[in-house]
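The values are calculated or read from the model by the stated rules, or taken from the named source; none is laboratory data. In this text the structure is predicted, and so the values were computed from the model without any measurement. Note that we place each Cβ from the backbone using ideal geometry, even for glycine, and neighbour counts take in every protein chain shown. All accessible areas refer to the heavy atoms of the entire protein, side chains included, with ligands and DNA or RNA removed. Shrake-Rupley method; radii C 1.70, N 1.55, O 1.52, S 1.80 Å.
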Amino acid sequence: SSSTTTSSANGARTATAIVAVAGSAALLTWLAIRRSQSGKWSKSKNATEEDEEYVDLDEEEASDDDGPIRDLEDYADGPARPDRLGIGEVLRWFGRKAPQDQKQRRCHARGRCASSEVEGASYLPGSQRVFVRTYGCPHNASDGEYMMGQLRDYGYTLVDSIEDCDVCVINSCTVKHPSETRAMNMVTNSKQSGKAIVLAGCVPASDRKLAESLEGVSVLDVTQLDRIVDVVEESLKGHTVKLLQKRKDLPSLALPKVRKDQFAEIITINAGCLGSCTFCKTKHARGKVVSYSIDEIVARAKQAAAEGVCQIELASEDMGAYGVDIGTDIVQLLKRLSDELPPGVMLRTGMTNPPYIMQHIDGIIEVLKRPNVHAFMHIPVQTGSDAVLLSMRREYTIAEFCHLADRLKEAIPDMFLLSDIICGFPSESEEDWQATMELCKKYRFQGLHVSQFYARPGTPAAKLKPLKSKVIKDRWRELTDLTNSYNRNEALEGKTERVWFTGTENERGQSIGRTKNFAKVLVARDDKLLGKSAMVQLGKSSKLHVEGTVIGPAEVV
């Protein structure tokens, strides 16, 4: 098959390069050391919480004993994913004899290619430094962690800045204009710094015309994240790869991963959605719902737990639609996860739109009451007006959203309910806006994502006449002021709660944890708490967190 031929050819070329560079057992030792050290990674200095010709590898340039190397673009047409040449395969190629008189392409890590007849290739696969920057939602965050895991396992060194890298991988988000702009600015900065660039994520996946117009920038569709090593390797040789074909299957959940937070695992349960919101561009990238099987998800969760993780977060464009394509549903998945997770591991649900979760509300409430499931739900309402919901094509009413919120709050009064609001949608009147303000005053959400409307190119809402910029900004400021006016954690002061610890606030010297109801708790730093839970006496509170004092031993409970 073409994929087998490609893997063989890649292997032979890699063998030639390695033998020509080293030709001794010393390189074996060097590779082993690099592999053991390559997992180090730290958060980008630029990270915060809340823009060459295409080179075909022809037969003459790539010829060897095993036949021609096909371009990566050809892989997208095949029904199966070609095998990746990993570090183990590289080592096994040492037993092969490399041709001594073959013309090699000498590719430098930082850019342009030039053909040169040399004794051996100067390029050693997997020996360069890679900076991966991820923007956007938990699903994108998980994709970024998978890409880093594959790059690390191949032998690349992960670094935390553009300045330190040979190639910059930008995992982009297109849900809002600012996030896309930040990603494209990083593309520009990387080009100015002379780095090889790979643009992945939802920006190239949702806008093929833009992706193909970027000269000297390799691009990778979101369905092709398990090809990141191939694309990075070719980009470092000076080639520009446009791998934009969409696959119908999903990348394996068993791929290697480098977690941003060592004790928190993000598991994607499905990709895409069934909605058709007029303002959203994400569906252009992710498509319709495709779900992982319950067995795959449970296996991934148990693997993460065995590695010391104490929090499992589910990622999805619409958790409520999970399983509609494979004959199951979200409640069955949550119950199975809750039943099979080991002691000490907490489960957190993902984002869900109202339409598909309503039919499961009784089962959802039952699961949220379980001791190993955070009482947390993220349900975006977007507006308090039925007229605007209709214009957004959101497929539910305010009454239906209130039914969901009321049922949840009645069953679990202290639960963490997170929602989203778009300020200044084109059809939003002053009356519509006041209805939104009243809804937010009624529920006083524990968390609220407040954003200004940005017209996303290619969406129906982009064709509507926009409101004046001042009106949009004033509405955003009004709602932001409301959310800052109340302390959502005040009721926790003086209580004793069990807290599960997953992270560290280095600047303040504090350990970070979450209660059963997902309130954020800060205590004096103690790294022995990480990955475990402890009883905490809660004290001073603010709108974002509660400070506390540990009064019990760190346990796996």
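Quick check: residue separation of Gln359 and His449 times 0.36 nm, minus the Cα distance between them. What number comes out in nm? Walk me through the numbers on the way to the answer.
Values: separation 90, 0.36 × 90 = 32.40 nm, distance 2.49 nm.
Stretched out fully, the Gln359 to His449 stretch lengthens by 29.9 nm.
What's the ranking of 253-260, 513-520 by average number of surrounding C-beta atoms within 10 Å, highest first?
On the way: 253-260: 17.8, 513-520: 22.2.
Those peptides, ordered most packed to least, come out 513-520, 253-260.
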With an 8 Å Cα cut-off and a minimum separation of 6 or more residues, compute the relative contact order for the stretch 517-557 in percent. 45 percent
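Kindly sort Glu313, Glu340 by accessible area of their heavy atoms, largest first, with the probe set to 1.4 Å.
Numbers: Glu313 25, Glu340 70 Å².
Accessible-area ranking of Glu313, Glu340, largest first: Glu340, Glu313.
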Label-to-label distance, nm, for residues given as Ala387 and Lys463 (7 Å Cα→Cβ offset): 2.2 nm
quick shape note, the stretch 237-385: Cα extents on principal axes in Å, largest first -> 51, 45, 29
Please list the non-local residues whose amide H lies under 5 Å from the amide H of Gly503, H modeled 1.01 Å from N, same-chain partners needing a gap of 5 or more. Ile512
Residue-wise, which Karplus ³J(HN,Hα) couplings in Hz belong to the stretch 246-259, taking 6.51 cos²θ - 1.76 cosθ + 1.60, θ = phi - 60°, and x for glycine or proline? 9, 8, 7, 8, 9, x, 5, 6, 8, 4, x, 9, 10, 7
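How high is the FRET efficiency from Glu395 to Glu163, r the C-beta distance, R0 35 Å, rounded to 0.05?
Values: r = 47 Å, r/R0 = 1.34.
FRET efficiency, Glu395 to Glu163: 0.15.
Stretched out fully, how many nm does the piece from Lys540 to Arg407 gain, at 0.36 nm a residue minus the Cα gap? Intermediate results must be reported in sequence, preceding the final value.
Numbers: separation 133, 0.36 × 133 = 47.88 nm, distance 3.00 nm.
Difference between extended and current length: 44.9 nm.
First measure r as the distance between the Cβ atoms of Glu296 and Arg370, then evaluate 1/(1 + (r/R0)^6) with R0 = 22 Å and state the FRET efficiency to the nearest 0.05. All intermediate terms of the calculation are to be shown ahead of the outcome.
Values: r = 22 Å, r/R0 = 0.99.
So, using R0 = 22 Å, E works out to roughly 0.50.
First compute the accessible area of the stretch 334-388 with a 1.4 Å probe, then give the percent of it belonging to carbon and sulfur atoms.
Numbers: 860 of 1730 Å².
Of the solvent-accessible surface of the stretch 334-388, carbon and sulfur hold 50 percent.
Among the trypsin sites (Lys or Arg not before Pro) in the stretch 218-247, which ones are in a DSSP loop with at most 12 other Cβ atoms within 10 Å of the Cβ? Mind listing them? Walk me through the numbers on the way to the answer.
On the way: sites: Arg227, Lys237, Lys242, Lys246, Arg247; in loops: Lys237, Lys246, Arg247.
Here no trypsin sites (Lys or Arg not before Pro) fit, given the DSSP loop and packing criteria.
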Gap separating the Cα centres of the stretch 311-390 and the stretch 397-436, nearest whole Å: 17 Å
Per residue and in Å³, how big is the convex hull formed by the alpha-carbon atoms of the stretch 438-543? 169 Å³
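Check each of the GluC sites (Glu not before Pro) in the stretch 443-543 and keep only those in coil by DSSP with at most 10 other C-beta atoms within 10 angstrom; list them in order.
Working: sites: Glu478, Glu490, Glu493, Glu497, Glu505, Glu507; in loops: Glu493, Glu507.
Sites meeting the loop and neighbour criteria: Glu507.
Stretch Lys520-Lys288 to full length: gain in nm at 0.36 nm per residue minus the Cα-Cα span? Intermediate results must be reported in sequence, preceding the final value.
Details: separation 232, 0.36 × 232 = 83.52 nm, distance 3.39 nm.
Taking Lys520 through Lys288 to full extension adds about 80.1 nm, to one decimal.
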Heavy-atom accessible area per residue - the stretch 483-548, 1.4 Å, Å²: 48 Å²
Distance from the stretch 221-284 to the stretch 517-557 (C-alpha centre basis), Å: 34 Å
Using only Cα positions of the stretch 337-472, each an equal point scatterer, no hydration layer, compute I(q)/I(0) via Debye at q = 0.11, 0.19, 0.22 Å⁻¹ and quote the log10 values to two decimals. -0.46, -1.08, -1.33
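How much of the accessible area of the stretch 145-240, in percent, comes from carbon and sulfur atoms when a 1.4 Å probe is used?
Details: 1180 of 2560 Å².
Answer for the stretch 145-240 is 46 percent, counting heavy atoms of protein chains only.
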Accessible area of the stretch 134-181 divided out per residue, in Å², using a probe of 1.4 angstrom: 25 Å²
Please give, to one decimal in nm, the separation of the simple spin-label points placed at Ser252 and Gln303, each 7 Å out from Cα toward the Cβ. 0.7 nm
Is the shape of the stretch 230-308 rounded, prolate or oblate, going by the alpha carbon gyration tensor and its root eigenvalues a ≥ b ≥ c, with a/c under 1.5 for rounded and a/b larger than b/c for prolate? oblate
At a Förster distance of 35 Å, what's the computed FRET efficiency of Asp414 paired with Ile326, Cβ-Cβ distance as r, to 0.05? 0.55
If each K or R counts +1 and each D or E counts -1, the residues other than Val298 whose Cβ falls under 12 Å of its Cβ total 0
